[in-house]
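Trainee: Just passing along the structure, written as structure tokens.
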Amino acid sequence: MSPRQQKILAAIVEQYAEVASPVGSSLLAKAFGVSSATIRAEMAELERMGFIMQPHTSAGRVPTDKGYRHYVNHLQASDETQGERRAERALAARVSGGGLPEHTIRSAVDTLVELTHNLGLATIGNQLYMSGLSNLFGQPEFVQAGQAQQVAHLLDNLEPWLQEVAPNEPLSVYIGHENPIGRSAGVTLIISRFRSPYSDNSYVGVLGPTRQQYRDVMHLVKRTGHALEEALYE
């Protein structure tokens, strides 16, 4: 993939996350200062390589799971934005108040729900705490009953899967078909492992559509794991 194609893919991922509509060549042409024909040629090549696709009802393009994975793998570290700093302050305020560990973890999840507009989740002992189901099923991706059923199947089986597999990366991102359950549900699971009084392999994170603001959400989930460890073991 050429540097320009990589930038175009990133622009499609970020624009689609924001507007939930397929991204057309004219919008990108303005952003990149080239002709629409040039963008269409680059998009055709990205589509040939499997990074984007064209929904049959639109002239625009949307990322595929492969496109999202490439985007996530090539995210560059950058300085925190003002919005990210505000989100971190809100998170720290919610999890640093002391109290029972279970209440601290639940507060962290509820804060993730508010900040990311996804479903938030965490393991508390042998239970999975979830909040924000209405956020998840309110997304335009899940208006079809079959899609919602796939998501429900994933949620039903998520807690035993986490116990069995115990992902051991500080931050794990499962995009679309990479999910172990509900592969066709069209969701992304982003989880951070953290130490807690319940287990050395506790998890906190979010579940939402593959259409995500990945950089912001990944940063926030990872920071939540760190904040929980600091609050629970201070």
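Trainee: Out of 176, 125, I need the residue that is surrounded by fewer than 17 Cβ atoms within 10 Å (Cβ to Cβ), in contact (Cβ under 8 Å) with a residue 60 or more places away in the chain and of a type outside the set (Asp, Glu). Which one? I'd like the intermediate steps shown before the answer.
Mentor: Values: 176 fails: surrounded by fewer than 17 Cβ atoms within 10 Å (Cβ to Cβ).
That would be 125, the only listed residue that is surrounded by fewer than 17 Cβ atoms within 10 Å (Cβ to Cβ), in contact (Cβ under 8 Å) with a residue 60 or more places away in the chain and of a type outside the set (Asp, Glu).
One line per residue, one yes/no per condition, for (1) outside the structural domain of residue 12 (by TED's automatic domain parsing); (2) exposed (fewer than 15 other Cβ atoms within 10 Å of the Cβ); (3) of a type in the set (A, V, I, L, M, F, W, C); (4) under 21 Å from residue 20 (Cα atoms):
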| site | (1), (2), (3), (4) |
| --- | --- |
| 141 | yes, no, no, yes |
| 199 | yes, no, no, no |
| 208 | yes, no, no, yes |
| 227 | yes, no, yes, no |
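Trainee: If you go through the stretch 107-125 one residue at a time, do you hit one that is out of contact with any Asp or Glu (no Cβ under 8 Å at 6 or more places or on another chain) and more than 22 Å from residue 89 (Cα to Cα)?
Mentor: There is at least one residue in the stretch 107-125 that is out of contact with any Asp or Glu (no Cβ under 8 Å at 6 or more places or on another chain) and more than 22 Å from residue 89 (Cα to Cα).
Trainee: Scanning the stretch 73-83 for residues that are at pLDDT 80 or above and outside any helix (DSSP H, G or I), which turns out nearest to residue 204 (Cα to Cα)?
Mentor: To start, the set of residues in the stretch 73-83 that are at pLDDT 80 or above comprises 73-75.
From what's left, outside any helix (DSSP H, G or I): 74-75.
Working: 74: 23, 75: 21 Å.
Looking at residues that are at pLDDT 80 or above and outside any helix (DSSP H, G or I), I get 75.
Trainee: Still on this structure, please answer the following. Return yes when residue 29 is crowded, with 16+ Cβ neighbours inside 10 Å, aliphatic (A, V, I, L, M) and outside the structural domain of residue 228 (by TED's automatic domain parsing) and no when it is not.
Mentor: Working: crowded, with 16+ Cβ neighbours inside 10 Å: yes; aliphatic (A, V, I, L, M): yes; outside the structural domain of residue 228 (by TED's automatic domain parsing): yes.
It is true that residue 29 is crowded, with 16+ Cβ neighbours inside 10 Å, aliphatic (A, V, I, L, M) and outside the structural domain of residue 228 (by TED's automatic domain parsing).
Trainee: How many of the residues in the stretch 100-122 are more than 18 Å from the chain's Cα centre (by Cα) and touching a residue at least 60 places away in the same chain (Cβ under 8 Å)? Even if it seems obvious, please write down each step before you answer.
Mentor: Taking the stretch 100-122 and keeping what is more than 18 Å from the chain's Cα centre (by Cα), we get 100-107.
Next, from what is left, pick out any that are touching a residue at least 60 places away in the same chain (Cβ under 8 Å): 101, 104-105.
So the answer is 3.
Trainee: Shifting gears a bit: Checking residue 89 against (1) loosely packed, with under 12 Cβ neighbours inside 10 Å; (2) more than 27 Å from residue 189 (Cβ to Cβ): exactly one of these is not met. Which one?
Mentor: (2)
Trainee: From the list 50, 67, 99, which residue is loosely packed, with under 13 Cβ neighbours inside 10 Å and modelled with pLDDT of 95 or more? It would help to see each step written out before you state the result.
Mentor: Values: 67 fails: loosely packed, with under 13 Cβ neighbours inside 10 Å; 99 fails: modelled with pLDDT of 95 or more.
Of the residues listed, the single one that is loosely packed, with under 13 Cβ neighbours inside 10 Å and modelled with pLDDT of 95 or more is 50.
Trainee: To continue, here is another question. Kindly indicate whether any position in the stretch 84-97 is in a helix (DSSP H, G or I) and closer than 14 Å to residue 204 by Cα. Before the answer, list the steps.
Mentor: Pass one, the stretch 84-97, residues in a helix (DSSP H, G or I): 84-95.
Then drop every residue that is not closer than 14 Å to residue 204 by Cα, which leaves 91, 95.
Taking every residue of the stretch 84-97 in turn, at least one turns out to be in a helix (DSSP H, G or I) and closer than 14 Å to residue 204 by Cα.
A quick yes/no check of all residues on (1) assigned to a helix (DSSP H, G or I); (2) of a type in the set (D, E, K, R):
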| site | (1), (2) |
| --- | --- |
| 37 | yes, no |
| 43 | yes, no |
| 50 | no, no |
| 56 | no, no |
| 66 | yes, yes |
| 71 | yes, no |
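The values are calculated or read from the model by the stated rules, or taken from the named source; none is laboratory data. Because the structure is a prediction, the values reported are computed rather than measured. No Cβ is skipped: glycine too gets one built from the backbone with ideal geometry, and neighbour counts run over all protein chains shown.
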